[in-house]
Amino acid sequence: MSPPIDFSLRRRTLLAGTAAAAAFSAVNRGGAAAQSTGATAGPETTTVTLSVNGEERELTVDNRTTLLDALREHLQLTGTKKGCDHGQCGACTCTVNGERINSCLSLAVMHDGDEVETIEGIGQPESMDPMQAAFVEHDGFQCGYCTPGQIQSARKVIEEIRAGIPSHVTGDLTAEIAITDAEIRERMSGNICRCGAYANILAAITQVAEESA
Amino acid sequence: MEFNQPVDSNLFDDAKVVGKPMQRIDGPLKVTGTAPYAYERNDAAPDALYGYPLGAAIGHGRITRMDAEAARSAPGVRAVVTTLEVDPLEKGMNNVARLFGGDEVQHYHQAIAVIVADTFEQARAASAMIEVDYEEGTPADLDLDAAFERVQGTGEPDTLVGDVGAAFRDAAQVIDQMYHTPGESHTMMEPHSSTVDWSDGENMTVWTSNQMINWNHQSIATTFGIDQDRIRVESPYVGGGFGAKLWLRADAVLAALGSRAAGVPVKLALPRPMVMNNTTHRSATVQRIRLAANADGHLTGIWHEAAAYCLPGGRGENATAQTPIFYAGDSRRVKNHVVDMPLPETADMRAPGEASGLMALEIAMDEMAEALDMDPVQFRIVNDTQVDPANPDIPFSDRHFVECLERGAEAFGWSERNTTPGGQRDGDWLIGHGVAGAYRGALVLPSGARAILDGGKLIIETDMTDIGTGSYTILAQTAAETMGMDVADVEMRMANSAYPVSSGSGGQFGAPSSTSGVYAACMALREKIAGNLGIDEASFNGGRVTGGDTDMALSEINEEVSAEDAIQWGDFQQGYAMGTFGAHFVEVGVHAYTGETRVRRMLAVCDAGRIINPITARSQVIGGMVMGVGAALSEDMALDRGRGFFANHDMANYEVAVHADIPEQDVIFLDTLDGVATPLKAKGVGELGLCGVAAAIANGVYNATGVRVRDYPLTMDKFIDRLPAI
């Protein structure tokens, strides 16, 4: 039996925390400088370097810019969707340092040095990732607006279960977690699909999980 | 093409493509995030700046002063347009409240300013700097129950058949109950969004998210008083609509005003918290239903009176829509009241009328079945009708409601259901089973298309939209079938006002109407090709045209051949009642201690004529069933009756169903054909899937607990005190 928590995931978590802390301290230094001189205000923009889909991208963003808008409006990576901009719908789900997050709930300045993966980095129409292909095969979407977020979450849900990370519906916390319908439904519940393709999304995820077992 | 008589046999009866399961042709674009939605038109308007709206902060009244100077001088701001600076704009089709202009506030979050700035953050920040003074309107009574009490019994009935009084006097069983459905919000995933280029104040291009290109096109012309020829509207990908995007809304209007003021293209999406109160929703309803039946289970009287609210001049929700026609019965009295209230605008949402009407009527049917000590499936079967009960000379074009019930009962295992309310337990869960009938009208609208054969490729141009319904795919299937070609050789060009006017997407009329329009265009193209080749009786198969001495591949035709046509619906259809039918079966578990309800399995059986693509049609139906779970258990627009607005205006507080709420779902399509409905003998199915679902769940909850709840959504607070003793 494999250990319950995958080492690589732990390491990424640590890196994510470190990078965020570094970004905060940079912003704070600017604020402190402004106070000491009594001048108007500190800088309203920040330059950050993100690794997006494996490519280094240097961006100067308004401090208020979310990671979501940095991706959509600065990098024209519009595959990551804005459904609510308040962390309620999951359409903006993308991967940062290997973990899925709601990119609308995170400011771009918090991600200096982070590795970001968007739907565009997962596959293209001519070269779809297995999860993307499974969504097409099982009709796991209708309007398509929540779909990139669903696919991002779906890929990570399988990894999270295999890494032994428990959910609300996990029974025995010491046993290996099985990839069940209940586990998938629970872990996908942050991604709303108003067209109601849930049953088809479940079929797509189950197929990919079985094929990659 | 005139559709002037019921179709007998035609090429679709021997179909190779239509009716076969086919994956969406737009699927790869959607799963890779490369399909461009309205706010993402970097391909067409790469220099668009950012628009941000400001919504009114009162329920109704007037604006007495606006000061936008601070906003205008804020960093990055290019333009601010306030409603006081603009004469009241004309209203477009079915716009009840004004979308912009003037000092009147008709509802909370009505748009009162637009800010254009270099960045989204700058525009949003500047919107908060606008000072507004209001004079609040006279407080209004927003109590729909009280309104129902006032209007009940007034006005001429919409339907009055037979001697209703006698029916209720002489009945073996009578039920008489009040039912409530709440306001519902479409909550499509993509908020209303538009990118508009009206930089020079001359021609306007609108990249928007809208279900109805032509209505939108006309409405923009009306709203701004400019010629329709100067406007182009595109909406190739729509992130869900459900009726919310039938009409022109503030996103496009504000983006247009902002573009004109700033002299640049502007993109604007309604912030999610503004969507519920700024746009439209399904009105709450109050319904009184009385049923009378004789001892053998035949309905003898149906009395349905309902009320919904709307702004003056609006339509509300007609919860009695199905009642004149769904069930047999010698007498009936049906009346819907629409009560004026200064609330956000009410309009169509998926299956307007039937969705909320069946939420009540199908509980009433369950109650009557119980009163008669009949199986609720059998009770519905006994009361089937093959004619319009009010006009017995008018038959249904094709109705297999009984077969839906019978097939469903068998597939679901209805005979093994719990028959004692509150009598079945599975651990901590009370188990119940519920059934409901489903009915939704089968509308069709004129619909046009252009078919172009070019070097062996078939191009279809139509302004039809795909709002997730699968239009791209089923229209390509229809075109391929009609031309005897491969779907891979069909290119769909849609949702652009430059193309022929289609039905658009709504009212489940989209699929039957637009496939007929594409069929008409392709038949015109066939005729043109045959004429060019001098063939009298041409046949089109396997990518070839044959007839007489000719047998050639369509790819060998060098010249481009183009034909345009539209389907027009003949008066003969008025001689029929056209509808779609279904039956929903559910199993629920209600937690014996907390009253939490979980749906455990669901089955829908649908009778909607030919199913053009079983994959996309099934997705429509399961999607409707999901929406029905939300309607039954959680969706509820929370009205602040003091302030006149809906308080839970975001996706955290307005609770739609999520993955964890949805169990195993099965769908059975009856193999039926309706030659009265369309040349493809097909009807829509996208709204049928929602109709009746919530009532099936409510009936299941009753069966599980013995507690009848007639007030949606069925949250635990409404019945926890009445649960069976532990």
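Between the amide H of B:Phe669 and those of B:Cys606, distances stay under 5 Å, these residues lying 5 or more places away or on another chain, with hydrogens modeled in the peptide plane. Classify the protein assembly as shown from the C-alpha gyration tensor, please: rounded if a/c falls under 1.5, else prolate or oblate depending on whether a/b exceeds b/c. The shape class here is rounded.
Between B:Lys457 and B:Asp8, the C-beta separation translates, for a Förster distance of 22 Å, into a calculated FRET efficiency of about 0.10. Spin-label model, B:Glu69 to B:Asn294: label points 7 Å out along the Cα-to-beta-carbon direction sit 8.2 nm apart.
Taking amide H as placed 1.01 Å from N in the peptide plane, the amide H of B:Leu445 sits under 5 Å from that of B:Ser513, each at least 5 places away or on another chain. Relative contact order of chain B: 17 percent, from C-alpha pairs under 8 Å at least 6 residues apart in sequence. The GluC sites (Glu not before Pro) of region B:163-242 that meet both conditions, a loop assignment by DSSP and at most 13 other Cβ atoms within 10 Å of the site Cβ, are B:Glu202. Counting pairs of alpha carbon atoms under 8 Å apart in space and at least six apart in sequence, what relative contact order in percent does region A:130-211 give? Contact order relative to length: 49 percent. Put in line by how crowded their Cβ is, counting other Cβ atoms within 10 Å and starting with the fewest, B:Lys683, B:Lys20 read B:Lys20, B:Lys683. Region B:483-506 and region B:152-180 have Cα centres separated by 48 Å. Taking trypsin sites (Lys or Arg not before Pro) across region B:1-60, none is in a DSSP loop with at most 10 further Cβ atoms lying within 10 angstrom of its Cβ. Between the amide H of B:Phe396 and those of B:Val387, B:Asp388, B:Ala577, distances stay under 5 Å, these residues lying 5 or more places away or on another chain, with hydrogens modeled in the peptide plane. Based on alpha-carbon centroids, what's the gap between region B:429-451 and region B:662-702 in Å, whole number please? Taking the Cα centre of region B:662-702 as reference, the centre of region B:429-451 is 5 Å away. Phi angles across region B:710-726 convert, under the Karplus curve 6.51 cos²θ - 1.76 cosθ + 1.60 with θ = phi - 60°, into 3J(HN,Hα) values of 10, 10, 7, x, 7, 7, 4, 4, 7, 8, 4, 6, 10, 4, x, 4, 6 Hz, Gly and Pro given as x.
For the protein assembly as shown, a crude dipole built from +1 on the beta carbon of Lys and Arg and -1 on the beta carbon of Asp and Glu, taken about the Cα centre, is about 1480 debye to the nearest 20.
Peptide B:261-271 has a mean shielding of 1, counted as Cβ atoms of other protein chains within 10 Å of each residue's Cβ. With θ taken as phi - 60° and the Karplus curve 6.51 cos²θ - 1.76 cosθ + 1.60 applied, the whole-hertz 3J(HN,Hα) list for region A:107-116 is 7, 4, 5, 7, 10, 4, x, 7, 9, 10 Hz, x standing for glycine and proline. Taking the centroid of alpha carbons for each part, region B:35-73 and region A:133-182 are 37 Å apart.
Shown for A:Asp129, B:Asp141: other C-beta atoms within 10 Å of each C-beta, ranked fewest to most, produce the order B:Asp141, A:Asp129. Whole-Hz Karplus values for region B:67-82 come out as 10, 10, 4, 4, 5, 4, 9, 6, x, x, 6, 9, 6, 10, 10, 9 Hz, taken residue by residue from phi with 6.51 cos²θ - 1.76 cosθ + 1.60 and θ = phi - 60°; glycine and proline positions read x. Using R0 = 45 Å, the C-beta based FRET efficiency linking B:Asn541 and A:Ile179 works out to 0.45.
With a 10 Å cut-off around each Cβ of A:76-83, the average count of Cβ atoms from other chains is 6. For the peptides B:458-465, B:495-502, the ranking by packing is B:458-465, B:495-502, with the highest mean count of neighbouring Cβ atoms within 10 Å listed first. Label zone of B:Gln228 (point 7 Å out along Cα→Cβ, amide N under 20 Å): in region B:89-118 this covers B:90-96. Does chain B come out rounded, prolate or oblate, given a ≥ b ≥ c as the square roots of the eigenvalues of its C-alpha gyration tensor, rounded meaning a/c under 1.5 and, failing that, prolate meaning a/b above b/c? Since a/c reaches 1.5 but b/c is at least a/b, the shape of chain B is classed as oblate.
Every number here is computed from the coordinates shown, using simple stated rules; none is lab data. Everything numeric in this text was worked out from a predicted model, so none of it was measured. Cβ coordinates were reconstructed from backbone atoms using ideal geometry, including for glycine residues, and neighbour counts include every protein chain displayed.
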